[in-house]
Amino acid sequence: QVQFAELGGDLVQSGGSLRLSCAGTQDALNFYTLGWYRQAPGKQRELVASITAGGTTMYADSVKGRFAIFKDISKKTLYLQMIDLKPEDTAVYYCNWNPSSRAAWGQGTQVTVSS
């Protein structure tokens, strides 16, 4: 059972950029749809981006044009590149299968965007 591990969160100013990474397995990246999720304080966890095995991507409207999901199978890593960050992007970010698996949630990585 894969449990994902996220890295890369930080405190950044509004307008800044971050790249998050998620360690997985080659099989997970090769054969399954994966997603980046986030949970802001007091809110439900939401899917912000996903990528299929074939590389087709999908984004929530709130991040479209600012976030990019991509994967490096040789490094067994899923990435989320974020630019033009806004205070409303502040959340704990997680990666997981899409649809998600309860057993696969990691600790997440905190992204805080100051105004």
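The values are calculated or read from the model by the stated rules, or taken from the named source; none is laboratory data. These numbers were taken from a predicted model, which means no experiment stands behind them. Because the Cβ atoms are built from the backbone with ideal geometry, glycine has one as well, and the counts that use them run over all protein chains shown. The protein model used for the area step is the full one, side chains on, heavy atoms only, and it has no ligands, DNA or RNA in it. Shrake-Rupley method; radii C 1.70, N 1.55, O 1.52, S 1.80 Å.
What does the charge add up to near ASN96, with Lys and Arg as +1, Asp and Glu as -1, over the other residues with Cβ less than 13 Å from its Cβ?
+1
Counting only helical runs of four or more DSSP H residues, what would the 222 nm mean residue ellipticity of the chain come to if each run contributes -39,500 (n - 2.57) and the total is spread over all its residues?
Helix-only estimate at 222 nm: -1000 deg cm²/dmol.
Testing the spin-label approximation: label points 7 Å from Cα along Cα→Cβ at ARG66 and SER100. State their distance in nm.
2.0 nm
Label-point separation (nm) for MET58 and GLN44, each offset 7 Å from Cα along Cα-to-Cβ?
With each label point 7 Å from Cα toward Cβ, the separation is 1.6 nm.
If I stretch the segment between GLN26 and ASP10 completely, what's the gain in nm (0.36 nm per residue apart, minus their alpha carbon distance), one decimal?
Details: separation 16, 0.36 × 16 = 5.76 nm, distance 2.67 nm.
Gain in length upon complete extension: 3.1 nm.
Mind checking the per residue accessible area of the chain for me, 1.4 Å probe, whole number of Å²?
In whole numbers, the chain has 53 Å² accessible per residue.
For LYS64, list the lysines whose Cα falls under 16 Å from its own Cα; do not include residues on the same chain fewer than 8 positions away.
Excluding near neighbours in sequence, the set is LYS86.
What's the local net charge at VAL111, with K and R +1, D and E -1, over the other residues with C-beta under 9 Å away?
Charge balance near VAL111 sits at -1.
If you bin every alpha carbon distance in the chain into 10 Å steps from zero, what whole percent lands in each bin?
For the chain, the pair-distance distribution reads 15, 52, 29, 4.
What ranking do 51-59, 104-112 get when scored by the average of other Cβ atoms within 10 Å per residue, highest first?
Put in order of decreasing packing, that is 104-112, 51-59.
How about LYS75: which aspartates and glutamates have a C-alpha closer than 19 Å to its C-alpha, ignoring those fewer than 8 places off in the same chain?
Counting by Cα, and skipping residues close in sequence, LYS75 has these aspartates and glutamates nearby: GLU6, ASP27.
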